[in-house]
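First comes the structure, then the notes that go with it.
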Amino acid sequence: MAELEKRDAERKRVGEALRESEERYRDLLESANDLIQSVAPDLPEVMADHFQLQQVFLNIIINAEYFMVEAHGEGTLTITTERVGDIIKAAFADDGPGISQENLGHLFDPFFTTKEVGKGTGLGLSICHGIITEHGGRIYAESELGKGTTFVVELPISNH
């Protein structure tokens with residue numbers, strides 16, 4: 001977190017970054033997918049680089065879009081936020097094809113991808129993991145084949 005504080009970290013609301021990420025997503029993609037947001041009001045601030053949070057959120061949203069469309073041509077991505085103790089938790093739940101238990105353990109490894117050759121580099125989630133770790137948080141995925149995937153981002157509440 002010391003590196004982050006020296007650069008562009010400031011007190012931010014996760015909901016703002018999520019809303020702006022959704023706007024960018026809608027500008028970039030003409031999607032058949034539904035995007036449902038349930039952002040808790042009055043969430044405390046986190047110490048964060050706003051643009052890096054947007055990068056993480058957009059990566060998760062775009063990956064969900066890709067796999068839902070690949071699986072069944074459309075889908076629903078539900079984004080929720082909540083306060084859990086001293087953290088802000090953002091969950092991105094899709095109704096895509098899900099991820100095998102074998103692959104779940106490698107999602108954040110550099111150059112690991114389940115996309116077709118030429119469709120992904122395997123760097124997006126690795127970069128997301130680095131960004132969230134640098135912010136003192138954690139990112140993980142829960143999934144079952146055929147039942148969709150939920151990516152969870154947890155960030156510590158700013159006490160400064």
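Since every read-out is calculated from the coordinates, none of them should be taken as a lab result. The structure displayed is predicted, hence computed values, not measured ones. Glycine gets a Cβ as well: all are built from the backbone with ideal geometry, and neighbour counts include every protein chain shown.
Key figures
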{"quantity": "Net charge contributed by nearby residues that have their C-beta within less than 13 Å of V152 (K/R +1, D/E -1)", "calculated": "-2"}
{"quantity": "In region 60-112, the chymotrypsin sites (Phe, Trp or Tyr not before Pro) that fall in loop regions by DSSP, at most 12 other Cβ within 10 Å", "calculated": "F111"}
{"quantity": "Label point distance in nm, A71-F51, each placed 7 Å from Cα along Cα→Cβ", "calculated": "3.3 nm"}
{"quantity": "Loop sites in region 78-144: trypsin sites (Lys or Arg not before Pro), DSSP, at most 11 other Cβ within 10 Å", "calculated": "K119"}
{"quantity": "Size of charge dipole - region 27-160 - debye, nearest 20, with Cβ of Lys, Arg +1 and Asp, Glu -1, no other charges", "calculated": "240 debye"}
{"quantity": "Region 41-89: GluC sites (Glu not before Pro) in DSSP coil with no more than 13 other Cβ atoms inside 10 Å", "calculated": "E74"}
{"quantity": "Length released on extending from I127 to I157, taking residue separation times 0.36 nm less the Cα-Cα span", "calculated": "8.6 nm"}
